[in-house]
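Have a look at the structure below, then the notes.
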Amino acid sequence: MKNSVLILFLFLALNVNGQNYKPVWESLDKRPVPQWFEDSKFGIFIHWGVYSVPAWGPTGDSIGVYDKYAEWYWNKLVQPGKVQKYFKNFHLKTYGPNFKYQDFAPMFKAELFDPDKWAELFKESGAKYIVLTSKHHEGFTLWPSAQSWNWNSVDVGPHRDLCGDLTTAVKSKGLHMGFYYSLYEWFNPIYKDDFNSYVDEHMMPQMKDLVTRYSPDILWTDGEWDKTSKEWKSEEFLAWLYNESPVKQNIVVNDRWGSETRSKHGGIFTTEYGLVGDKEGIENSVPHPWEECRGIGTSFGFNRTEGLADYSTAGELIKVLISTVSAGGNLLLDIGPGADGTIPVIMQQRLLEIGKWLKTNGEAIYGTRSFVRSKKDEAINPGTNKTVYFTQKDNNVYVICLNWPKGGIVLKGVKSVSKAKVSLLGTAISVSVKESGGNLIINPPAMTPDDHQLAYVFRINGMIK
């Protein structure tokens, strides 16, 4: 009888992959990234919190990329240097010398927040998953966390569970819901005075509460650089997440678990404003599942000082999506709602334009993988990773052109195993293709203004080599 109980216990301890992960990277790194993530390709990041009240950061070419982040407002107020000068001058002039950052919290009301409208916009954008900042480095949580008494969206400000409300709306649309969570907090006295207590009594129970309360599909951590993963006890937490948590089957995590972990340990690898499309050579295709995150503008949190020139056009954003996916990654595109709960119209417009393009061309994005045959491809096909990109799925290869080809598309060294058929997505126009001298040549059809797209996709049906 005792042996039977022991066998049953061991069976229940195994996760869906048939493995009980140990709290060490050697074991944890063997867990595969759930396939739903690699198939999704496009997600929406949301930075929203107390920092959305001042919604301010410096802009301009002389300002560093990371110094433009409006969500770092509180930190910049007290940090010495050039950037602090910009923030402090604005703060003193606008709010006065006695106004503390904490005084913004009651002004973060989210009075116009409609989670159902948000979720509908996200679905129309073509995004497959959403990542909301549950807590940024300021420590303010968007759910009623017991560890953040009177510094959360239920006790002060909106007086509602923003994480819960959006989770319900997003999941009702059939989308995956996830959360960003900052491991560290700038000014939490426990973090500064008793780090071990912070990890054991604040961070760990807070993350477990977030997971068990909302069953997210993604846990996107950040703020890891201040300590090593051993100090954060990240391996211990991930062993719980993978073995015991209610989301152990589908949960996706990133690589931000300690000062030494990026692009080495965890789940997906992450880049930030590192536009793959601006890098040369198909050797930039990363075999490990990865994700590029960036804003529509130059900040993650809403920044009122940004002008039209600071926002990427829909065409530029679609290029980032295409170049990222063709290199095997996902794009997590950020929006910064206002403190009242509205999404800036220009951000809505950009998302809807992306969604319109995906409705026509999504089959070249969703569920695809990189089509990389040789590192010599760029040399023999000069447009590769510049104006022409490739993805593949099933027996189809997709040739994605940022510009309408002026002549034939010559794919040098590419041959079809069977008779290739080519079509232009979004049209019923026939496209001719031929093989000549060991090359595959696509002859673009005549176009009308009504056929204009922000990028053009030619589908080659039939195995090619």
Enumeration of residues in the stretch 284-316 that are in contact (Cβ under 8 Å) with a residue 40 or more places away in the chain and either of a type in the set (K, R) or not in a loop (DSSP other than H, G, I, E, B) (or both): N284, W290, E291, E292, C293, R294, G295, R304, D310, A314, G315
The listed residue being in a loop (DSSP other than H, G, I, E, B) and either within 30 Å of S234 (Cβ to Cβ) or more than 27 Å from the chain's Cα centre (by Cα) (or both), out of W48, W36: W48
Unique residue being closer than 19 Å to C293 by Cα and either touching a Lys or Arg at 6+ places or on another chain (Cβ under 9 Å) or not in a loop (DSSP other than H, G, I, E, B) (or both) when the list is L132, L166: L132
Any hit, the stretch 39-47, residues being modelled with pLDDT of 95 or more and aromatic (F, W, Y): yes
Tally of residues being of a type in the set (A, V, I, L, M, F, W, C) and not in a loop (DSSP other than H, G, I, E, B) across the stretch 51-95: 9
Among the candidates F122, F104, F45, F113, residue that is touching a residue at least 40 places away in the same chain (Cβ under 8 Å) and in contact with a Cys (Cβ under 9 Å, 6 or more places away or on another chain): F45
Search result, residues across the stretch 180-216 that are part of a loop (DSSP other than H, G, I, E, B) and free of Cβ contacts under 8 Å to residues at least 24 places away in the same chain: D194
Any hit, the stretch 193-201, residues being on the phi > 0 side of the Ramachandran plot and among the polar types (S, T, N, Q): no
Those residues of the stretch 317-352 which are assigned to a helix (DSSP H, G or I) and either within 16 Å of K123 (Cα to Cα) or among the acidic types (D, E) (or both), in sequence order: M347, Q348, Q349, R350, L351, L352
Given (1) part of a helix (DSSP H, G or I); (2) surrounded by fewer than 22 Cβ atoms within 10 Å (Cβ to Cβ); (3) out of contact with any Leu (no Cβ under 8 Å at 6 or more places or on another chain), index of the condition N98 fails: (1)
Residue list for the stretch 167-176, filter: surrounded by fewer than 23 Cβ atoms within 10 Å (Cβ to Cβ) and in contact (Cβ under 8 Å) with a residue 12 or more places away in the chain: T168, A169, S172, K173, G174, L175, H176
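The values are calculated or read from the model by the stated rules, or taken from the named source; none is laboratory data. Only a predicted model underlies this, so the values are computations on that prediction, with no experimental measurement involved. Glycine also receives a Cβ, built like all others from the backbone with ideal geometry; neighbour counts cover every protein chain displayed.
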